[in-house]
Amino acid sequence: MKLRDYQSRAISGVCDALRSHRSSLVVSPTGTGKTVLFAEATKLASKRCMVIAHREELLVQAADKVESMSGERPDIEQSVLWANESPFGKSKVVVASIQSLNAKLHHGRRFERFNADEFSLVIVDEAHHAVSNSYRRVINWFHKMNPKCKILGFTATPDRTDKLALGSVFESVAFDYNIRQAIEDGWLTPIKNTVVSIDGLDFSNVRSSAGDLNKTDLAAVMEFEKVLHGVAVPTLEIAKDQKTLVFAASVKQAERLSEIFNRYKPNCAGYVSGAMESDQRRDVVSRFREGSLQILVNVGVATEGFDVPGIGCVAVARPTKSRSLYAQMVGRGTRPHPGVVDGPETPEERKQAIARSIKPHCTVIDFSGNSGQHRLIHATDVLGGDEPEEVLDRAYEIVDKGVTEDVAEAIEIAKVEIEEEEERRKEKRKGVTAAKVSYKTNSTDPFTTMGIRRESANFIPSAASLSGNQLAMLSKSGINPSEYSPKEQKMLHTELVKRIRKKRCSFKQAKVLSKYGFNTSKMSFREASGLLDQLSKNNWKPIN
């Protein structure tokens, strides 16, 4: 299997990191082939390699991927399956359940039956769990018994606090790739976020436990009949016929939501939970994967290792204060349709391929109410990466007001708004007055067409280049970025964002209408569309 460019960079980073550190971490978002990465990493082991996972589904997935990439079937250490007991000899790779490794035997724990000197590498899947005692016990034992054995973790979590906590287990970060970068590079679908306000939904009396909403309190709030219908009806309307994954806070909520979905749209939904028998759970998931169920409501089952690329809509009916958990939930819907991005070679080609596919974006539905003192996590937090909370909160407000559903666009609008406000404050403090500068323009000059002053670009403090998405926004709007300086590009981008926020006409509309003598500086998008329709019907002759 040919690795993608970022996967090759990750493996290279791992090689460099493990040369100088005993342990390292790889951060790569859900949907970017984390299993492929650690399967490739097993090849780096000079001796045997152990892959540790914490759920049955992840264990099987890991073993299958290692076998497909290396041609060697790993030994399995789980429940009644014991590695090292094959009549055909020991496999170079052992895939083990963390629960089984920690199981007590009469002479100690199960992981102690291995000869640590035979292993040169231990890989921890979903490494954000590595701070727990069960993982530390195994990792510390390998380090103690074989100081030359390296530890390599893989996780998709972008949570800053998780990264700090993981620093107590992993000495370095070999590779860090976030969801925003993956979307910009065309490997994941864009996220469109819709916020639904539910009357009576109130989290103000929900306590906090271990950094998140208390599960019992949250379940009580989300299980109210009015709230259940407030989740089900908008989800059906927004998702339409898309394959939809719903996250619930409790088994009771999941069961009732499934029932209500089926009441509105017969036989469309099922639910799964960790309390179900594994055979029953696999049957429901299989029906969802194959399409006989459109909606799957789950409780704590589909947050990790759940790979169904056809999911087009994610409904978060389990509010959270954890970016890590929210990212896991949203990540279930950001995988492109199979095969869409494997052929194109450039980010722009991949993004175009996604836009033309049957899954051009992932729709994320958030449900809001009175959050009290809690700061709940939304799609803007996950896509915002390390942006300040001020930007993320403003972006959420922009989505909530319906200015745009595109989360990346909302973040850009928020940044522009905050920058503009800061510049106005600076100008007010300093009493800066812009000098008038004469210059020539033509009828297609975007500054003239959009009614903004080119010379104002001189007062923009930073001339840093725009991001790839920002430059693409200029090009898509009909403006060639190469014709303008970085400051002018920034000014034009700011104006375009402002027009979107205020629902004014686009530059392309303004460019045409200005030729007919219309002043479009404050014209709405709808007004411009109406005028263009009239001009078209008039064979593009001036309207009397």
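Show me 317-323, 378-384, 530-536 ranked by packing, highest mean number of other Cβ atoms within 10 Å first.
Those peptides, ordered most packed to least, come out 378-384, 317-323, 530-536.
Among bridges DSSP assigns within the chain, what percent are antiparallel (round to 5)?
Just about 10 percent of them are antiparallel.
Could you list the trypsin sites (Lys or Arg not before Pro) in the stretch 216-247 that lie in coil according to DSSP, counting only those with at most 15 other Cβ atoms within 10 Å of their Cβ?
When the trypsin sites (Lys or Arg not before Pro) of the stretch 216-247 are filtered for loop state and at most 15 Cβ neighbours within 10 Å, 240 remain.
Name the shape class, rounded, prolate or oblate, that the alpha-carbon gyration tensor gives for the stretch 211-326, where a ≥ b ≥ c are the square roots of its eigenvalues, rounded holds for a/c under 1.5, and otherwise prolate holds if a/b is larger than b/c and oblate otherwise.
It comes out rounded by the Cα gyration axes.
Let's test the formula: R0 of 22 Å, r as the Cβ-Cβ distance of residue 224 and residue 259. What FRET efficiency results, to the nearest 0.05?
Calculated value: 0.90.
Within 10 Å, at most 12 other Cβ atoms, and a DSSP state outside H, G, I, E, B define an exposed site. Report the longest part of the chain free of exposed chymotrypsin sites (Phe, Trp or Tyr not before Pro).
89-438
What nm value, rounded to one decimal, do you get for the distance between residue 202 and residue 69 when each label is placed 7 Å out toward the C-beta?
5.1
At most 16 other Cβ atoms within 10 Å and a DSSP loop assignment: could you name the GluC sites (Glu not before Pro) in the stretch 246-347 that fit?
Sites meeting the loop and neighbour criteria: 277, 345.
Given charges of +1 on the Cβ of Lys and Arg and -1 on the Cβ of Asp and Glu, with all other atoms neutral, how large is the dipole of the chain about its Cα centre, in debye to the nearest 20?
Here the size comes out at about 1060 debye.
Beyond 18 Å between alpha-carbons counts as too far, so tell me which of 47/92; 498/522; 2/34; 43/90; 192/240; 359/415 fall in that bin.
359/415
Bear in mind that the values in this text are calculations on the coordinates, not laboratory data. What you see is a predicted model, and the numbers here were worked out from it, not measured in a lab. When we count neighbours, we look across all protein chains shown, and the Cβ atoms used for this are built from the backbone with ideal geometry, even at glycine.
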